[in-house]
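Colleague: My questions will all concern the structure given below.
No value in this document is a laboratory result; all are computed from the given coordinates. Because the structure is predicted, anything quoted here is derived from the model rather than measured. All Cβ positions, glycine included, derive from the backbone under ideal geometry; neighbour counts span all protein chains shown.
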Amino acid sequence: MNFYQELGPLVLGTRLKRLSDYFLSEINKVYSDLEIPFEASWFGVFYLLDKHGSLSIYEIADTLDVSHSAISQLIKTLQEKKLVILTPSSDDGRRKDIEFSTIGKSLLEKIKPVWSALSQTMNTFLEESEVLQKLIKIEDRFGEIPLNERIKSKLNV
């Protein structure tokens, strides 16, 4: 039993972060080995733009449940790499819609087979356990009552 296993739920967040870092590192290695100029951290934006065609920064941030600032920075990076273009919204001139550039669409076609292989690989792991279902339950429970409130209730604070 290693250190993290020994501490069990006390370091759950650390273990999940380590797994996340491992997954991202391994997936980025696949892109690198295949000479595909893509980073795993871009996945959410690429997936949403592929699914919807065009979205605002707010819509992306809201869907991914991350800050507007984080998405703005990511979109700026993607724009500098000429992977996305921003156009004024037809509904609201103050809002900019984000969509793939021609280069971005070309990159998307290169990464879709990787996504498929990743999905197949991860499904093999997940079929052997109920980890995904349990993770959904944990997320739902924390959505009901935040972790900090649960901890403080045990301390009678």
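Colleague: Consider only pairs whose beta carbons are under 6 Å apart and that are at least six residues apart or on different chains; among these, list those whose first residue lies in the range 89-102 and is free of Cβ contacts under 8 Å to residues at least 12 places away in the same chain and outside any strand (DSSP E or B) and whose second residue is of a type in the set (Lys, Arg) and loosely packed, with under 10 Cβ neighbours inside 10 Å.
Modeller: Listed pairs, sorted by first residue: none to list.
Colleague: Kindly indicate whether any position in the range 9-28 is surrounded by 17 or more Cβ atoms within 10 Å (Cβ to Cβ), in contact (Cβ under 8 Å) with a residue 24 or more places away in the chain and within 18 Å of Lys110 (Cβ to Cβ).
Modeller: yes
Colleague: Residues that are within 22 Å of Leu24 (Cβ to Cβ), of a type in the set (S, T, N, Q) and surrounded by fewer than 15 Cβ atoms within 10 Å (Cβ to Cβ): does the range 125-135 have at least one?
Modeller: Within the range 125-135 (the criterion being within 22 Å of Leu24 (Cβ to Cβ), of a type in the set (S, T, N, Q) and surrounded by fewer than 15 Cβ atoms within 10 Å (Cβ to Cβ)), the answer is yes, since at least one residue qualifies.
Colleague: How about the range 1-75: which helices (runs of 4 or more DSSP H) wholly inside it have at least 3 residues that are over 25 Å from Ser101 (Cα atoms) and of a type in the set (A, V, I, L, M, F, W, C)?
Modeller: Passing ranges, in order: 12-33.
Colleague: Hey, can you tell me all the residues within the range 73-87 that are closer than 14 Å to Trp42 by Cβ, surrounded by fewer than 17 Cβ atoms within 10 Å (Cβ to Cβ) and not basic (Lys, Arg)?
Modeller: Across the range 73-87, the qualifying residues are Gln73, Thr77, Gln79, Glu80.
Colleague: On to the next question. Whether any residue in the range 56-63 is in contact (Cβ under 8 Å) with a residue 40 or more places away in the chain, of a type in the set (A, V, I, L, M, F, W, C) and closer than 19 Å to Ile27 by Cβ is what I want to check.
Modeller: No: the range 56-63 contains no residue that is in contact (Cβ under 8 Å) with a residue 40 or more places away in the chain, of a type in the set (A, V, I, L, M, F, W, C) and closer than 19 Å to Ile27 by Cβ.
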